[in-house]
Amino acid sequence: MVKESIYGLTFEQLAASLLERGHKPYQASLVWEYLYRKRVTSFSEMSDVKKECIEMLSESFEFQTMQQHVKQESEDGTIKFLFKLRDGNLIETVLMKHKYGLSVCVTTQVGCNIGCSFCASGLLAKSRDLSSGEIVEQIMNVQLHLDQRNQDEKVSHIVVMGIGEPFDNFENMIDFIKVVINHKGLAIGARHITVSTSGLANRIYEFADSQLPVNLAISLHAPNNELRTRIMKINRAIPIEKLMESLDYYLEKTNKRITIEYILLRDVNDHKEEAEQLADLLQDKKQKVYVNLIPYNPVDEHSQYQRSEEESVLTFYDTLKKRGINCKIRQEHGTDIDAACGQLRSKQIKKEKAQ
Ligand code: SF4
């Protein structure tokens, strides 16, 4: 029998499965504390937990369902991990150092079906969703790496922006969030977690209804349908109008601010005209949105796209600002390693195929 990752259980699921077999809820709290506070890496280290509980858990669950395969460290403190899953698939996880803390970018799927034309992650179609345990395990592996450095560092922020479309793996992504925000465990502040979607409108409604107090980011990247469809084929099925309706619903329901992600591609979507169109599009919600302008990290396979000139970036930024749109130019991380999302993974896969 293939054992599942122990990190895939929410606290409620863990408590329910122990209760079902006649164990006291207290045992679930103990196990949870060992997992996320003491951060043990085997059942044998859970010395206070009842033997029968340990036996029961170890029959169905295990700690490690992935191995570190490659690690790249940048001079700015960014670390890119490539993990090998049990089925041989590779996934990327990135640790970034900010002034406000340490953030981790997690992967939610093996590959991605959204196929954004600029993205290294979408070069390989989705072969499967990650389980919630495999998503939590990425955080735990990074946290264990930090623990070993012995500097009392803790993952404080999470961005669900790695390989995959998180809203295409919705239930597992929600369970992942429930695990990491649990106050008895890692206790990562919900307000420090951002989930980014290419704009699956139906799921945005559901996400709003879930009332999980985490942040939402939208990969918009173009202010009109013609251009957005060219860059992101998802726009054919879910055009900007439908996406904006779902955002209006989200804003009304949650009263939370939304981040709009906009990758600047030279001479494609970075003209003043597109900045004006973007300002028009966001005008009615400008108090509640924040635009993140992202300098593009070129990828060999997408040679049609180049990084915008600095002047174009600044003009774009100024145009938005003058129109009263909150925005910033995203600080870059790991530019001396394979910085683009999915780049390390696709290079490694190519390399291993060639061997
Ligand atoms: S940008 Fe995100 S949604 Fe688009 S192909 Fe890449 S991983 Fe998928």
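The values are calculated or read from the model by the stated rules, or taken from the named source; none is laboratory data. Every value quoted in this text rests on a predicted model; they were computed, and no experiment measured them. Because the Cβ atoms are built from the backbone with ideal geometry, glycine has one as well, and the counts that use them run over all protein chains shown. These accessible areas exclude ligands, DNA and RNA; they are computed on the full protein's heavy atoms, side chains included. Shrake-Rupley method; radii C 1.70, N 1.55, O 1.52, S 1.80 Å.
Looking at M173, M66, can you tell me which residue is at pLDDT 95 or above and more than 16 Å from the ligand (Cβ to nearest atom)?
Within the list M173, M66, the selection yields M66.
Checking the structure you have, find out if any residue of segment 312-327 is within 20 Å of the chain's Cα centre (by Cα), over 26 Å from D76 (Cα atoms) and of a type in the set (A, V, I, L, M, F, W, C).
Checking segment 312-327: not a single residue is within 20 Å of the chain's Cα centre (by Cα), over 26 Å from D76 (Cα atoms) and of a type in the set (A, V, I, L, M, F, W, C).
Quick check, is Q148 in a helix (DSSP H, G or I) and either touching an Asp or Glu at 6+ places or on another chain (Cβ under 8 Å) or more than 16 Å from the ligand (Cβ to nearest atom) (or both)?
For Q148, the condition - in a helix (DSSP H, G or I) and either touching an Asp or Glu at 6+ places or on another chain (Cβ under 8 Å) or more than 16 Å from the ligand (Cβ to nearest atom) (or both) - is met.
Specify which of the listed residues (I135, I91) is under 16 Å from the mean Cα position of the chain (by Cα), among the β-branched types (V, I, T), assigned to a strand (DSSP E or B) and within 16 Å of the ligand (Cβ to nearest atom).
Just one listed residue meets the conditions, I91.
Given the criteria in a helix (DSSP H, G or I), more than 15 Å from the chain's Cα centre (by Cα), more than 19 Å from G111 (Cβ to Cβ) and away from the ligand (no atom under 16 Å from the Cβ), does E153 qualify?
Numbers: in a helix (DSSP H, G or I): no; more than 15 Å from the chain's Cα centre (by Cα): yes; more than 19 Å from G111 (Cβ to Cβ): yes; away from the ligand (no atom under 16 Å from the Cβ): yes.
Criteria not met by E153.
What tally of residues in segment 213-237 results from selecting those that are open to solvent by 30 Å² or more (accessible area, probe 1.4 Å) and part of a loop (DSSP other than H, G, I, E, B)?
Residues of segment 213-237 that are open to solvent by 30 Å² or more (accessible area, probe 1.4 Å), as a first pass: 213, 215, 224-226, 229-230, 233, 236-237.
Narrowing further to those that are part of a loop (DSSP other than H, G, I, E, B): 213, 224, 233.
Residues meeting the conditions: 3.
Quick one: what pairs do we get from segment 111-129, first residue over 13 Å from I91 (Cα atoms), second near the ligand (Cβ under 6 Å from one of its atoms) and assigned to a loop (DSSP other than H, G, I, E, B), C-beta under 7 Å, 6+ apart or different chains?
I114/E165; I114/S198; C116/S198
Just checking, does segment 101-113 include any residue being part of a loop (DSSP other than H, G, I, E, B), at pLDDT below 95 and under 15 Å from the mean Cα position of the chain (by Cα)? Steps first, answer last, please.
Filtering segment 101-113 for residues part of a loop (DSSP other than H, G, I, E, B) gives 106-108, 111-113.
Pick out the ones that are also at pLDDT below 95 and you get 111-113.
From what's left, under 15 Å from the mean Cα position of the chain (by Cα): 111-112.
Within segment 101-113, one or more residues are part of a loop (DSSP other than H, G, I, E, B), at pLDDT below 95 and under 15 Å from the mean Cα position of the chain (by Cα).
Going by what's in this entry, would Q287 be described as farther than 27 Å from G162 by Cβ, part of a loop (DSSP other than H, G, I, E, B) and open to solvent by 70 Å² or more (accessible area, probe 1.4 Å)?
Working: farther than 27 Å from G162 by Cβ: yes; part of a loop (DSSP other than H, G, I, E, B): yes; open to solvent by 70 Å² or more (accessible area, probe 1.4 Å): yes.
Here the answer is yes, as Q287 does meet what is asked.
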